[in-house]
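Visitor: Here you go, one structure.
What follows is calculated from the coordinates using simple rules that are stated; it is not laboratory data. Just so it is clear, the model here is predicted, and its values are computed rather than measured. Cβ coordinates were reconstructed from backbone atoms using ideal geometry, including for glycine residues, and neighbour counts include every protein chain displayed.
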Amino acid sequence: MDGAIGLKGCRKIRGSQIRHLLEAKDFFLFDCDGVIWHGEKAITGAPNVVNTLIKQGKGVFFVTNNSTRPRENYVHKFCRLGFTNVNQEQIFSSSYCSAIYLRDVAKVQGKVFVIGCEGIRNELREANVPYLEEVDEPDATIYNCALPTDVKAVLVGHDDQFTFLKLAKASCFLKDPDCLFLATDNDPWHPLKDGRILPGSGCLTAALEVATGRKATIIGKPSRFMFECISSQFTGVDPAQCLMVGDRLETDMLFGSNCGLETMLTLTGISQMEEAEEYSRSEQSNEQCFVPDYVVDTIADFLPAFEELD
Ligand SMILES: [Mg+2]
């Protein structure tokens, strides 16, 4: 049997195959880090690809689990890196979508306790969702700190100032079964230079899940909510007309699969072809959701296809 069955998905495409795909799709959802940029450096050719798709009238959206920046900050970053004409409405970050969820879906009555960066608080402010302003005395501990009674949600995101006291307070708030438990995303880690890694919000959420025996509702990829935000704000976003482009199989490809979108893995980020092929060969059916439909080395591979289209 081995080798007799072709791999599902994982189709490496180039040239005219990319051109046909670009013609067939009206909406493109891009993950950011590892797909269009690496930190503060645009991936070569990516600004040209995004600018051209927008110029052609395609719907272009950015879906990022990075909760540390407010959307207006992203607009500046896009501009700085050469992506012209990207506006705030095209950016669906996990902090923005968390604020929308709290306001429109959960309709939270009370304050939100935030474990996270300023990007989250900024989006909550924009959405008029009240959150707890933290003003701990330097010697505050879980034994003596104030615990307000009007906290009705705990939201966990990336927090480089995470402390034991925050963990302990959040655990206390979540003893109330009516207090919602949300996480911007469940990413385990992010790559840094020189082989270092940055632990992701998933590990902070995991700590709180262990302490409370509860499971967080995940807002970002791979959960469907970001796509629901897009389709509620833009008309005619048909999953069959969308392509999800990402670099991480377990979040981006799974997100696309969960939302019924075709998926493309770009090899400029975290996941590599071998991992995709391994999932493709897996006999565990749930692992097929990690398999991309298409694979390109970089989204700059779109550029020759545009030239043929002109
Ligand atoms: Mg990425």
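Visitor: Report, to the nearest 10°, how far helix 15-24 tilts away from the longest principal axis of the Cα atoms in the chain, using its own Cα long axis and a range of 0 to 90°.
Guide: 60 degrees
Visitor: What does the charge add up to near M273, with Lys and Arg as +1, Asp and Glu as -1, over the other residues with Cβ less than 13 Å from its Cβ?
Guide: Local net charge: -3.
Visitor: Pairs of alpha-carbon atoms within less than 8 angstrom and 6+ residues apart define the contacts here; what relative contact order does the stretch 96-218 have, in percent?
Guide: Relative contact order of the stretch 96-218: 23 percent.
Visitor: Can you list the residues, at least 5 places off or on another chain, whose amide H is less than 5 Å from the amide H of E262, using H built in the peptide plane?
Guide: For E262, the qualifying residues are C242, M244.
Visitor: How do the peptides 204-211, 160-167 rank, highest first, by the average count of neighbouring beta carbon atoms within 10 Å per residue?
Guide: Ranked by mean Cβ neighbours within 10 Å, highest first: 204-211, 160-167.
Visitor: Let me ask something else about it. Which lysines does K169 reach when only Cα atoms under 16 Å apart count, and residues fewer than 8 places away in its own chain are ignored?
Guide: K111, K152
Visitor: What does the charge count near I142 come to, summing +1 for each Lys or Arg and -1 for each Asp or Glu among other residues with Cβ under 14 Å from its Cβ?
Guide: -1
Visitor: Among residues other than E228 whose Cβ falls under 15 Å from its Cβ, what is the net charge (Lys/Arg +1, Asp/Glu -1)?
Guide: Spelling it out: positives minus negatives among the neighbours equals +1.
Visitor: Over the chain, what is the relative contact order in percent, taking alpha-carbon pairs closer than 8 angstrom and at least six residues apart?
Guide: 23 percent
Visitor: Separate question: Rounding to the nearest 20 debye, state how big the charge dipole of the chain is about its Cα centre with +1 on each Lys and Arg Cβ and -1 on each Asp and Glu Cβ.
Guide: About 420 debye.
Visitor: Applying a 10 Å radius around every beta-carbon, put 81-88, 234-241, 23-30 in order of their mean neighbour count, most first.
Guide: 23-30, 81-88, 234-241
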